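Reviewing the structure listed below.
The values are calculated or read from the model by the stated rules, or taken from the named source; none is laboratory data. All of these numbers come straight from a predicted model, not from anything done at the bench. All Cβ positions, even for glycine, are placed from backbone atoms using ideal geometry, and neighbour counts span all protein chains on display. Side chains included, ligands, DNA and RNA excluded: accessible areas come from the protein's heavy atoms. Shrake-Rupley method; radii C 1.70, N 1.55, O 1.52, S 1.80 Å.
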Amino acid sequence: MNFTFSRKTITFVIKLLIVAAAFYFIYHQLVDNDQLDWPKFVALLKAKQSVGGILFLLAFSVVNRYLEILKWQNLVSFFRPITVGESTKQVLAALTAGIFTPNGVGEYAGKALYFEKADAKKVVFLNLICNGIQMLLTIVLGTIGLFVLGYWQWTLVIIGLLSFILLASYVSKSITIKGYSIGKLVQKIKEIPKPVHHKNILYGVLRYLVFSHQYYFLFLAFGVDLPYVTMMASIAAVYFLASSLPSFQFLDFAVKGSMAVFFFGKLGVNEWIVVFISTLMWFLNVVLPVVLGSYFVLKFKPKWN
């Protein structure tokens, strides 16, 4: 009895700490960021306030996260069918757990805890596939974006590095380290049915289109008037280079913001507008889901004994 009580207490404290830490990091970034001129931001919002416009931009966030939920449900169905509701709990709770870990590593553990211990490695692998397709799209489209913007030297360097990585991977695919090898990884990927991979790619492409166009419409809302191709190429470059840097989810807007300031600054866009748009993207696509995810973290009942 005492052991059971103690375990429940420890589990509750851990869940409470995760939620408290997530909210602390969010609060700290919003309140203590010297780059954010809140009076100027509020004045601009009042000048451009529109219920329709706010709902329009919020809809992008809802669709973006919903596509991620469907993507995860699709991948997990490979070994265990789950409902959209279960996938929602796992995705949002994992996002909350991963907000203060490097590159969202906590997200992998967060999802794994929803399954039996024996399935942990499988869940981590599927999450790698889930995030991998998004990263692959970001690299390809980001490289194209850099080329369109005229950064040809950067483009050639990136293509050269990717070619080297692919060649090195092919040459060393049979080399085994502690039972793991690239050849075995490829084999594991092939074990997943093709329809599951096709859906994963489709959801990944749709997600990319949704959040990149949300970024685009925010720039339009703040009065930035640039050609569509230039804007989308800049957004693709920002996401690619920001994703290439090690970072924490709660610092996501700062990393993307600094990259956005570099690219859009060269196009004559005011720096503070770029910073605010990056912050809004972070708020809409990370903060709001984390708030919802906090509820699922507190309600979470571990499967592991």
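Strictly over 24 Å apart at the Cα level, which of Lys71/Lys111; Lys71/Lys117; Lys256/Lys301; Lys188/Lys256; Lys122/Lys194; Lys117/Lys301 would you flag in this model?
Those over the limit are Lys256/Lys301; Lys188/Lys256.
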**OP:** Mind giving me the FRET efficiency for Glu116 and Ile201? R0 is 41 Å, r the Cβ-Cβ distance, nearest 0.05 is fine.
**Re:** 0.90
Original post:
HN-Hα J couplings of the stretch 202-210 from phi, Karplus 6.51/-1.76/1.60, θ = phi - 60°, integer Hz, Gly and Pro as x?
Top reply: 4, 4, x, 5, 4, 4, 4, 4, 5
Subject >> Fraction of accessible area attributable to carbon and sulfur, the stretch 115-170 (%, probe 1.4 Å) >> reply: 79 percent
Original post:
How large is ³J(HN,Hα) for each residue in the stretch 81-86, as worked out from phi by the Karplus curve 6.51 cos²θ - 1.76 cosθ + 1.60 (θ = phi - 60°), to whole Hz, x for Gly and Pro?
Top reply: x, 10, 7, 4, x, 5
Original post:
Whose amide H sits under 5 Å from the amide H of Thr101, counting only residues 5 or more places off or on another chain, with H placed in the peptide plane?
Top reply: Gly106, Gln249
**OP:** Have a look at Phe100, Val123, Asn200 and report the one farthest towards the positive end of the charge dipole of the stretch 98-232, computed about the Cα centre with Cβ charges (Lys/Arg +1, Asp/Glu -1).
**Re:** Val123
Original post:
Want the number for Leu267 to Val124: 0.36 nm per residue separation, take away the alpha-carbon distance, what's left?
Top reply: 47.4 nm
Original post:
Ignoring ligands, DNA and RNA, how do Thr83, Thr96, Thr88 rank by accessible area with a 1.4 Å probe, largest first?
Top reply: Thr83, Thr88, Thr96
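Starting from the Cα-Cα distance between Ser77 and Ile159, subtract it from 0.36 nm times their residue separation and give me the gain in nm to one decimal.
Gain on extension, Ser77 to Ile159, equals 26.1 nm.
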